[in-house]
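The values are calculated or read from the model by the stated rules, or taken from the named source; none is laboratory data. If you're wondering where the values come from, they're calculated on a predicted model, not measured in any experiment. We work out accessible area using only protein heavy atoms, side chains counted, and drop any ligands, DNA or RNA first. Shrake-Rupley method; radii C 1.70, N 1.55, O 1.52, S 1.80 Å.
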Amino acid sequence: IGEWKSIRSTHSLAFQEVENSTSKIQIKNIEISNKKVIELLEKYHVNSTSSIIPLSISWQAISDWEIDQKFEKDQTTLLFLPKDKNTGILLRNKGYTETLISSSEYLIDENETLNIKTIYDSTISEERICFLSTHIRSRYSVTRNQENNSVLQTSHTSEIRNISTLKD
């Protein structure tokens, strides 16, 4: 939760290109009664329960991919539906790799790393979020072609929380 600065390097293996970007990310708790939460629960035919963890993530990013560097911004809603202490389902109104509604499996492993696996229409995305400290995290992702399991893209992101925006 909070405001984060993200520094990301994406490696497109298919095109042998590298993209570097920086982002400002805002992660907020949202109410279970939020319209976007209700819509997502309805799409997946899930009844609202107290164990659901609803989050809103918005970001502004600038990339070196294009000559004219433009800010891009977007927002997504995440719903964590725990099965037990370390596993569950993650619902998103917009996917990480393919921009469509998605359902993922997540696992928090013995190192407290959050592992998320999403199977899309044509790709499979695997994300690992390592919480290095209270205010620093590292994200790794791999995108594979679903048909032949070839690696299409990898990325590494370092994220630092803006502690001046935290409430007491």
* Candidates Lys85, Lys28, Lys36, ranked by Gaussian network fluctuation over the chain, Cα under 10 Å, top entry -> Lys85
* **Rg/Rh ratio calculated on Cα atoms of region 96-138 (Kirkwood radius)** => 1.05
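Largest first, what is the accessible-area ranking of Phe131, Phe80, Phe15 with a 1.4 Å probe?
Sorted by accessible area, descending: Phe15, Phe131, Phe80.
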* Would you work out if region 117-168 is rounded, prolate or oblate? Take a ≥ b ≥ c from the square roots of the eigenvalues of the alpha-carbon gyration tensor; rounded if a/c is under 1.5, else prolate when a/b is larger than b/c, oblate otherwise. => prolate
* Structure fact -> For region 1-80, averaging the sequence separation of alpha carbon pairs under 8 Å that lie six or more residues apart and dividing by its residue count, the contact order in percent is 29 percent
* Value at 222 nm in deg cm²/dmol, rounded to 500, when DSSP H runs of n ≥ 4 in the chain each add -39,500 (n - 2.57) -> -1500 deg cm²/dmol
* Structure fact -> Expressed to one decimal in nm², the mean projection of the alpha carbon convex hull of the chain is 11.1 nm²
* Rounded to the nearest 10 Å², what accessible area does Asp74 show when all protein chains are kept and the probe is 1.4 Å? -> 60 Å²
* To do: Taking H placed 1.01 Å from N in the peptide plane, check which residues at least 5 places from Thr123 or on another chain put their amide H under 5 Å from its amide H.
  => Gln146
* To do: Return one whole number: the accessible area per residue of the chain in Å², for a 1.4 Å probe.
  => 64 Å²
* Structure fact -> re region 1-56: pairs of Cα atoms spaced beyond 20 Å account for a percent value of 51 percent
